[in-house]
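Contents: one structure, followed by commentary.
The values are calculated or read from the model by the stated rules, or taken from the named source; none is laboratory data. Quick caveat, the model's predicted, so the values are computed rather than measured. Backbone-built Cβ (ideal geometry, glycine too); neighbour counts: all protein chains shown.
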Amino acid sequence: MARILPTIAGALSVAALGVVFSISFVALIYTGSLSAFLGPAIVMTLIGSTIMVLAGAMLHRLPALASPQDTTALLLAGSLASVAAADPGALNGPTVAALIVLITAITGVAVYIAGRMKVGYLARYVPYPVLGGFLAATGYLLTTGAIGLLLDQSVTLVDIPGLFASDTVFQWLPWIMLAAGIVFATRVWPNDLTLPICVLTVGVGFYLWLLIAGVDMAQASARGWLLGPFPKPESGGHSIQDMIAQIDPVMVVSQLPLVFAVVALTMIGALLNMSGLEVALKRRTDLDADLRAVGISNLAASLGGGLVGWPMIGNSLLAARFSLPTMISAGGVAIACLAAVVMGQDTLEMLPRGLFATLVGYLGIDLLVQWLWTERRGFPGRDFAVLLLILATAMTVGFLTAIAVGVAVAAVLFVASYTRLDPVRAQTSGVARRSVIERSAADEDRLMVAGEEIVVLELTGFIFFGSAYRLSQRVQDDIVVEGVKELIVDFARVVGVDVSAIRSIVQIAEACAAQGVHLVLSAVPAETAALIARQGDIAPEIVDTLDDALREAEDRMLAMAPDAGTSEAGALDTMLGTLTPNVTLAPGERLFAEGSTSTSMFILYSGIARAEVATEGPDPLVVRRHMPGSMIGEIAFCTGLPRTASVVAETACELAAIDGERLDDMALDRGEFYALIAARMGERLARTTRLLQQMSR
């Protein structure tokens, strides 16, 4: 019984609501002169709804119940009403039915193609506060919809004061209070039996109250307490041959431009509803698969003459609250639709209107409580304000407008937040940040002194007007006034630059030129480089890589820097300078290979050699370039570890090899030699440590 009772109560509730919604939506279209065709239209819509809900249940990843939607029904109704107002005899029922079938089929194909093109990811860019606002607005619409169901009218914000009139308030307030009571009960006693017991209590209590009060069904219906009576079609038969003969193809084609709006509404509505269900049910879904499911279910529904639809949040959440398996809830809706086709609507007309208003109100109030109270604690004040703005806009202007406003405000807040992010990933100096050029000890000492006059800014992310302004101010206020001679701005990690940022970069170039700072831009995309060149009179130097910029800046600084004097590393250079080269390499010849072992180190006397390591790609990665005077292979020489890189001659090279035997022939004692090597390696380690410190700021 613990499983049977919720299943029966839930299936009956969901099924009845599904049928009521379908009939209500089709009745919006077939009004006035079209009401004569309402009977066949209801049959076609119920058959289409049966196909749609079953196809959707099988294809959607979440427990979603597809149904015709009021937005597309209202769109069709409004367009057809304008045609009928201009020419009352222009439309007939079969023509409208043919138009609906065609639009539903085209919408199904278009939405399926969109799913195949994987455009569902667009919904992932909807911020969480916007989804929260969407669900809160859905709760408001469900709540007012429940009141409207009780009063048999549409309820908007301006109607709310009139709802408390003495002749109106008791028509809706007791049922909404029951809905609020069910929300309280399900939250205090979160058990699978709580909701079905509440629903059965309300339903049985209603009929007992009618019995005690002595009110029969006819009187209850006349007082508006029952779902019925539904709109009745005018008398007269409608054979398939007659309906086909009455179709006006010219009129159908003339109204087909509606399909563009219907397709757009279907994609937006389906993605929003599925994203909302994803959040409400706390389960992930594949939105592209959902779009394909919506497309297939609409295409299948068109075969039965159904209206355009997609998963409905209200019915889907109701089924989830009853813990119904998807196929049971969908099967219940399908059976109820077919039963209404075969047996007519008389049984549905006898159901209590208040019971279904209570269910709809329960869903609405539960969503409002969830997002205006429970989830409030997890939102920062600014994000919760966005949620409230969406809700207020939905209440005053409209639902789709509210979503658009929410996305726009979230985008503005994002831009404001992103503007506060520093576009500079790291600011380093030439003391710590070096090119891959390995120089002599004397040059290394000179760069240690002159390197503070080199500043490197490594940018990251998307550089737009806000972040570019911060970058410009940083350069003009903090860098060009501190005696900097070389400024390198690296774009390797920049994903894009807007036009406003281009102007800020030109302003940086102008400020550097005014202060005598040499500006170099590295790794700039070709399009950005072209825009920079066209924007100002002062064009900064642009190089391919950061390493190129560093190497050129070091060369310029060395050309101006004085001799740094003597040091331990300089003493090593002096001592090694007495050696005679005994190894020659032709261009492209390898000195040793990565991973090999050796007991020798080398001093480069002439030429250029490069150290490279293997990569997963076809080309190795160059990690160092050795200039005359640099040591090669000293780590393996001192530690006995395998070579960490291969060394290849870029030009003809002359080297002096040092091994244990040659070291014994040198005037320097082994201890002193190792101490000098350790001092050189210690300088590199200190430079690496400083680089890490600067990059972590």
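Name the residue that is nearest to Arg292 (Cα to Cα), counting only residues in region 60-81 that are under 29 Å from the mean Cα position of the chain (by Cα) and among the polar types (S, T, N, Q). Once the filter is applied, the top-ranked residue is Ser67. Screening the candidates Gly671, Gly577, Gly588 for the property of being loosely packed, with under 13 Cβ neighbours inside 10 Å, over 20 Å from Ala442 (Cα atoms) and at pLDDT below 90 yields one hit, Gly671. Select from region 91-134 the residues that are within 16 Å of the chain's Cα centre (by Cα) and not in a helix (DSSP H, G or I) and write down the one among them that is modelled with the lowest pLDDT. So the residue we want is Val126. Taken over region 63-90, residues that are among the small types (Gly, Ala, Ser), part of a helix (DSSP H, G or I) and either closer than 15 Å to Val308 by Cβ or touching a helix residue (DSSP H, G or I) at 6+ places or on another chain (Cβ under 6 Å) (or both) amount to 4. Looking only at residues of region 362-404 that are within 17 Å of the chain's Cα centre (by Cα) and surrounded by 17 or more Cβ atoms within 10 Å (Cβ to Cβ), we find that the one that is modelled with the lowest pLDDT is Ile403.
With the requirement that a residue be surrounded by 17 or more Cβ atoms within 10 Å (Cβ to Cβ) and closer than 19 Å to Gly461 by Cα, what does region 507-528 give you? Result: Ile508, Leu521, Ser522, Ala523, Val524, Thr528.
Pairs linking a residue in region 166-180 that is not assigned by TED's automatic domain parsing to the domain that holds Thr201 to a residue that is among the aromatic types (Phe, Trp, Tyr), with Cβ atoms under 7 Å and 6 or more positions apart or on different chains, do not occur. Scanning region 375-422 for residues that are polar (S, T, N, Q) and over 14 Å from Pro129 (Cβ atoms) yields a total of 3.
Please verify whether region 339-348 includes one or more residues that are of a type in the set (S, T, N, Q) and without any contact (Cβ under 8 Å) to a residue 40 or more places away in the chain. Steps first, please.
Looking only at region 339-348, we keep the residues that are of a type in the set (S, T, N, Q), and these are 345, 347.
Filter again for without any contact (Cβ under 8 Å) to a residue 40 or more places away in the chain, leaving 347.
Yes, that holds for at least one residue.
Listed conditions (1) closer than 20 Å to Gly269 by Cα; (2) in contact with a Ser or Thr (Cβ under 9 Å, 6 or more places away or on another chain); (3) modelled with pLDDT under 90 are all met by Leu142, apart from (2). Please verify whether region 405-422 includes one or more residues that are modelled with pLDDT of 85 or more and either outside any helix (DSSP H, G or I) or touching a His at 6+ places or on another chain (Cβ under 9 Å) (or both). No; the residues of region 405-422 include none that is modelled with pLDDT of 85 or more and either outside any helix (DSSP H, G or I) or touching a His at 6+ places or on another chain (Cβ under 9 Å) (or both).
Taking the criterion of being in the same structural domain as Ile100 (by TED's automatic domain parsing) and under 27 Å from the mean Cα position of the chain (by Cα), would at least one residue in region 318-325 satisfy it? Yes, the conditions are met somewhere in region 318-325.
Give the residue, chosen from Val524, Val506, Val495, that is in a loop (DSSP other than H, G, I, E, B), of a type in the set (A, V, I, L, M), closer than 17 Å to Pro423 by Cα and out of contact with any Leu (no Cβ under 9 Å at 6 or more places or on another chain).
Val524
Out of the residues in region 432-463 that are assigned to a loop (DSSP other than H, G, I, E, B) and not small (Gly, Ala, Ser), state the one that is nearest to the chain's Cα centre (by Cα). Here the answer is Arg433. Screening Met243 on (1) at pLDDT 85 or above; (2) in a helix (DSSP H, G or I) shows it passes everything except condition (1). Against the condition surrounded by 12 or more Cβ atoms within 10 Å (Cβ to Cβ) and in a helix (DSSP H, G or I), how does Leu211 come out, does it pass? No, not satisfied. With the condition kept exactly as written, say whether any residue in region 632-648 is part of a strand (DSSP E or B), β-branched (Val, Ile, Thr), more than 17 Å from Arg439 (Cα to Cα) and not assigned by TED's automatic domain parsing to the domain that holds Arg439. So far as region 632-648 goes, no, none of its residues is part of a strand (DSSP E or B), β-branched (Val, Ile, Thr), more than 17 Å from Arg439 (Cα to Cα) and not assigned by TED's automatic domain parsing to the domain that holds Arg439. Is it fair to say Arg187 is in a helix (DSSP H, G or I), charged (D, E, K, R) and either at pLDDT 90 or above or farther than 28 Å from Leu291 by Cα (or both)? Criteria met by Arg187. Scanning region 603-610 for residues that are assigned to a helix (DSSP H, G or I) and either in contact with a helix residue (DSSP H, G or I) (Cβ under 7 Å, 6 or more places away or on another chain) or modelled with pLDDT under 85 (or both) turns up nothing.
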